[in-house]
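The values are calculated or read from the model by the stated rules, or taken from the named source; none is laboratory data. All figures in this text were calculated on a predicted structure; none of them were measured in a lab. So basically every Cβ, Gly included, is an ideal-geometry build from the backbone, and we count neighbours across all protein chains shown. Ligands, DNA and RNA are excluded from the accessible area calculation, which covers all protein heavy atoms including side chains. Shrake-Rupley method; radii C 1.70, N 1.55, O 1.52, S 1.80 Å.
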Amino acid sequence: MKVTALAITPPPGAAECPRVTPELLASCLARYSRSNKGIESILAGIDWSDPDKSVDQVFRFLDYGHASIGGLTGGIAMAIDRCSFFLALKLFEMAQLCDGQESSTRYIEMAPASLPNPVEIGIPGHLASEWRSVMEDAFAIYGEVYRELDRQARDTPAIVRAPANANEKVVARLRKNYALDRARYFIPFATETNVGLVMTARVWAQTIRQLDAQPFSEAVECAGKLRAELQKLAPRLTRHSFKDSACTRQAQAELAFCTESICRDGVGTENVADQVFVGLDRALPPFLPDLQHIPDAFAGKENRYSLCGSAVRRMFVRFAWNNIALAELRDLNRHRTGYRFSPLVPVGFYLPKEVSHPRQGELLERQRALVGKLAREAPESGAHCYAYLLGTQVAFEHSTHADKFIYEVELRTGLGAHFRYAEHLAAACREFVKLVPEAAPFIQIGTAEPE
C-alpha cells in the first residue's frame, strides 16, 4: 500500500492571492472570531519569517476543545494506492465529510494480480493457501463469465440497450459495462483498488483515529501512512489522529457481532429475496411549524441538483435493505450525508439472472467454508471479511434527510445507473411515497438507461 499527499498549487489566475499552508489558513480564519478588522489586517500581523508562531498561537486552542479550527484547513487530498475494496469501503464509511473516488469495476477489468499477500491482511498461515485458491478460482470464474457476457452482447446487441444513434465506440463501451456489471459479483472483496479522498485536516484526523482503532492490520497500516502524509501538511493535527478507547471499543463490538453471527448462523450462499425498510420522522417543534406544504418545497425543481424547500429538508428518513451485495454497497456507501451502517454479516449471495457458471456452486461452497473457518479461528482479526466476494449480501442502513434521499433515488435510478442498485432505490422510493404521497409527482425515478 502507498499513500501520497497531494499539495494544491494555486492556478495562474490566483498568482496575486496570499499563499498560506493549511494550518496557517486555519489560524487566519480562526482569528475572524476575535477580530473585525478583515483578512488583510490579520495577514499583516503574521511574521512571515516565522509563520509557525502565528499558527501555534491559535492551534493550542485545539487542546481545549476548539476542534472547529481544524476544519478550517481546506481540502487536503490523499491518494491511497493498492488498498483492498474492504478498506476502501471502511474509509468512506468513516469519512462522512469527505469527497472521493475509487477505481470502478464497470470500467476496469480486475485480475488475480490485484490480490494482496494473505499474511499481510491477517489470514492465518495455515489457511493462506486455501484462501488464495478460493480467491483465484473466483477470479477465474469472473473472467469466464465476463467473456461469455461480452460474446452474448456482440451476438445480440439489443440486450445492451444502446441508443439507436450510438456510434461503435459508445456501443463498445456499453457492451463492456454490460458484461462487467454482471460479472463483478465474483470479484474478491480483498482485491486491491485505488482511492482518492479530499477532506479537511480535522476530518482526516478523525478518520485516521478510527482507522487506527480497527482490528484489521491493513487499516492500522493505512492509518500510519496517512498520518505520516498529514504530518507534512498539517503537523499540529496529527496528535489528534491516534486511536482512543471509544473508537477501539466500538470497532471491537461491531466485529464481535459479525463473527458471532457467522459462527451461530453460518454463511448463506443463496440469493436472499429483497426486503426494504423506510422509516420517517416528521415531528416538528410546536414553535417552529412548517413554512410550506410539500408541493411548495419542490417549486422550481428541474433536476436532482435543484434545491428543495424546508418542508422536505426537515424530514428525517431511515432506509435499509436486507440484502445489498457488496458490489452495490461500494457505491451506495459513498453517499456522504447522514450515517451509513452495516456490520457486514453475510446473509446470502446475489447473482444476476443473466449469470450462470457450472462451477459457481462449488466455488460458493468453498468460500462459505473458508469464511466460517476464519470467523472461528481468527475472530479478532476480521480476516473473514477478506474472504467475501462482491456478490456477498449484507444488510445496510442509511439515515439522512428527505432531500438527500430523493437525490440518491434520482441519481441511482437515472441515466447510466447500475441496474441492481436502481432496483434497490426504486423499491425504497415506492415505500417512501406511501408515507409521503404528496411528494410522488416531484420525484424523477429513472429507468437506468445506458449513458
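Rounded to the nearest 0.05, what FRET efficiency do Glu449 and Ala369 give with R0 = 41 Å and r taken as the Cβ-Cβ distance? Could you check?
The value I calculate is 0.50.
Would you please put 179-190, 234-245 in order of how densely packed they are, using the mean number of other Cβ atoms within 10 angstrom per residue and starting with the highest?
My ranking of the peptides, most packed first, is 179-190, 234-245.
Please list, or write none, the lysines whose alpha carbon is within less than 22 Å of the alpha carbon of Lys176, excluding same-chain residues fewer than 8 places away.
Lys353
Could you give each residue of region 336-346 its phi-based ³J(HN,Hα) in whole Hz, using Karplus coefficients 6.51, -1.76, 1.60 with θ = phi - 60°, and x for Gly or Pro?
Those phi angles translate into 9, 10, x, 10, 10, 9, 7, x, 6, 7, x Hz.
Within 10 Å, count the other beta carbons around each residue, average over each peptide in 435-443, 282-290, 146-154, and list them highest first.
So the order, starting with the most tightly packed, is 146-154, 435-443, 282-290.
Between helix 419-435 and the chain, what is the angle of the helix's C-alpha long axis to the longest principal axis, kept within 0 to 90° and rounded to the nearest 10?
70
Can you run phi through the Karplus equation (6.51, -1.76, 1.60; θ = phi - 60°) for region 387-397 and list ³J(HN,Hα) in whole Hz, with x for Gly and Pro?
Using θ = phi - 60°, the values come out as 9, 6, 10, 5, x, 4, 9, 9, 7, 8, 10 Hz.
In degrees between 0 and 90, to the nearest 10, how far off the longest principal axis of the chain does helix 360-377 point, with axes built from Cα atoms?
Computed tilt is about 50 degrees.
Please give the per residue accessible area of region 136-255, computed with a probe of 1.4 Å over protein heavy atoms only, in Å².
Per-residue value: 43 Å².
Counting only residues 5 or more places away or on other chains, whose amide H sits under 5 Å from the amide H of Ala325 once H atoms are built in the peptide plane?
Residues meeting the criterion, in which the H sits 1.01 Å from N, are Val394.
Run down the aspartates and glutamates and flag those whose C-alpha is under 16 Å from the C-alpha of Lys90, throwing out any fewer than 8 positions away in its chain.
Within the straight-line cut-off, Lys90 pairs with Asp81, Asp99, Glu102, Glu192, Asp212, Glu218, Glu221, Glu254, Glu328, Asp331, Glu397.
What translational D, rounded to a whole number of µm²/s, comes out for the chain from Stokes-Einstein when the hydrodynamic radius is the Kirkwood one over Cα pairs, at 37 °C and 0.692 mPa s?
Rounded, D is 135 µm²/s.
Within the set of other residues whose C-beta is less than 14 Å from the C-beta of Ala228, count the net charge using Lys and Arg as +1 and Asp and Glu as -1.
Residues near Ala228 contribute +2 overall.
Please give every one of the lysines within straight-line cross-link reach of Lys53, meaning a C-alpha to C-alpha distance under 18 Å, and leave out same-chain neighbours fewer than 8 residues apart.
Within reach: Lys232.
How much of the accessible area of region 324-451, probe 1.4 Å, is carbon plus sulfur, in whole percent?
54
Using amide H atoms built in the peptide plane, which far-off residues or other-chain residues are under 5 Å from Ala166 H to H?
HN-HN under 5 Å from Ala166: empty list.
Can you list residues whose amide H is under 5 Å from Asn194's amide H, if they're 5+ apart or on another chain and H is modeled 1.01 Å from N?
Sorted by chain and number, the residues that satisfy this are Arg82, Ser103.
Would you mind counting up the charge near Val119? Only other residues with Cβ under 14 Å from its Cβ, with Lys and Arg at +1 and Asp and Glu at -1.
-3
Quick one: grab the alpha carbon gyration tensor of region 309-398, order the square roots of its eigenvalues as a ≥ b ≥ c, and give me rounded if a/c is under 1.5, else prolate or oblate depending on whether a/b is larger than b/c.
Taking the square roots of the gyration eigenvalues as a ≥ b ≥ c, region 309-398 is oblate.
State the Kirkwood hydrodynamic radius of region 117-206 in Å, one decimal place, computed from all pairs of distinct Cα atoms.
One over the average 1/r among Cα pairs gives 16.3 Å for region 117-206.
Under the rule of -39500 (n - 2.57) per DSSP H run of 4 or more residues, summed and divided by the residues of the chain, what mean residue ellipticity at 222 nm is obtained, to the nearest 500 deg cm²/dmol?
For the chain, the value works out to -13500 deg cm²/dmol.
I want the local charge near Ala79. Using Cβ-Cβ distances under 10 Å, sum +1 for each Lys or Arg and -1 for each Asp or Glu among the other residues.
Value of the local net charge: -1.
Roughly what angle does helix 402-413 make with the longest principal axis of the chain, taking Cα atoms, 0 to 90 degrees, to the nearest 10?
With rounding to tens, the tilt is 40 degrees.
Taking one equal scatterer on every alpha-carbon of region 353-451, how large is log10 of I(q)/I(0) by Debye at q = 0.11, 0.18 1/Å?
Relative scattering, expressed as log10 I(q)/I(0), comes to -0.54, -0.90.
Show me the ranking of peptides 193-203, 85-95, 260-270 by mean Cβ neighbours inside 10 Å, starting with the highest.
85-95, 193-203, 260-270
Could you derive backbone 3J(HN,Hα) for region 124-133 from the dihedral phi with the Karplus parameters 6.51, -1.76 and 1.60 (θ = phi - 60°), listing whole Hz in sequence and x where the residue is Gly or Pro?
After applying 6.51 cos²θ - 1.76 cosθ + 1.60, I find x, x, 6, 10, 4, 5, 5, 4, 5, 4 Hz.
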